[in-house]
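Written below as structure tokens is the structure these notes are about.
The values are calculated or read from the model by the stated rules, or taken from the named source; none is laboratory data. On a predicted model such as this, the values are computed, not experimentally measured, just so you know. A quick note on method: Cβ atoms are made from the backbone with ideal geometry, for glycine too, and the neighbour counts reach across all protein chains shown.
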Amino acid sequence: MISVALADDQPLVRMGLRVLIESEDDLDLAGEAENGRQAVELARRTRPDVILMDIRMPQVDGIAALRMIVGDPSLAGVRVIMLTTFELDEYVFEALQAGAAGFLIKDTEPADMLRAIRLVAAGESLLSPSVTRRVIESFASRSPIRKKHPQLSQLTDREREVLALIGEGLSNDEIAERLVVSRATARTHVSRAMIKLRARDRAQLVVIAYQSGLVR
């Protein structure tokens, strides 16, 4: 059973998500919050597998709440999907830097929303290659600051190459094709890079690749 918590200041949005979650046998509603402060309290009280959290909320916004959750060692297993009204919300890149597992548009099709919840609960990153490219193009280019990750030197040349390709938005299949290796080999390189860089998920690898200057 996958435990899901909701955090959104709009009652109608929460109601729609609640109905969707309660319609599935493998999902369980952990609770609801209408602002970031309540979301953090809810996370600490129920420790859900996944939180669907609006980026923009009163009192404490979604980004601040996300940072509190990611920074709490007792909530290490809690994964946060940020919800936004616009596909390229100005806070999306900031959310990925803060440790979000990915983001969804509020009017996402119900089937895609459910798939996203299950995907993130399984430890995957919810950031499609096409969205990755748009995020990098729209937000990363605004900041010329380059800050290499302290563990970047631990990567092999091939792992660094794979990290750059992740930053470009390539999937494991595309990386395998580009490097002429098997998909399993590509996946292994991705996993090792994630472990060495202590990244929570693939989304954070994208951020690290950009900030380290591997993506231009």
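Observations
- Set Val181, Val215, Val162: member being modelled with pLDDT of 90 or more, more than 20 Å from Arg79 (Cβ to Cβ) and outside any helix (DSSP H, G or I): Val181
- Scanning region 1-41 for residues that are buried (at least 21 other Cβ atoms within 10 Å of the Cβ) and assigned to a loop (DSSP other than H, G, I, E, B) yields one hit, Asp8.
- Set side by side, the residues Ala116, Ala98, Ala7 differ, and just one is at pLDDT 95 or above and either at positive phi or under 17 Å from the mean Cα position of the chain (by Cα) (or both), which is Ala7.
- All of Gly77, Gly36, Gly31 fail the test of being more than 17 Å from Gly123 (Cβ to Cβ) and out of contact with any strand residue (DSSP E or B) (no Cβ under 6 Å at 6 or more places or on another chain), apart from Gly36.
- Restricting attention to region 28-55, the residues that are touching a residue at least 40 places away in the same chain (Cβ under 8 Å) and either closer than 18 Å to Ala101 by Cα or among the hydrophobic types (A, V, I, L, M, F, W, C) (or both) total 9.
- Condition met for Arg44 (closer than 16 Å to Ile105 by Cα and either part of a helix (DSSP H, G or I) or not hydrophobic (A, V, I, L, M, F, W, C) (or both)): no
- Single match in Arg187, Arg160, Arg198, Arg202 (criterion: more than 18 Å from Leu119 (Cβ to Cβ), under 19 Å from the mean Cα position of the chain (by Cα) and among the charged types (D, E, K, R)): Arg198
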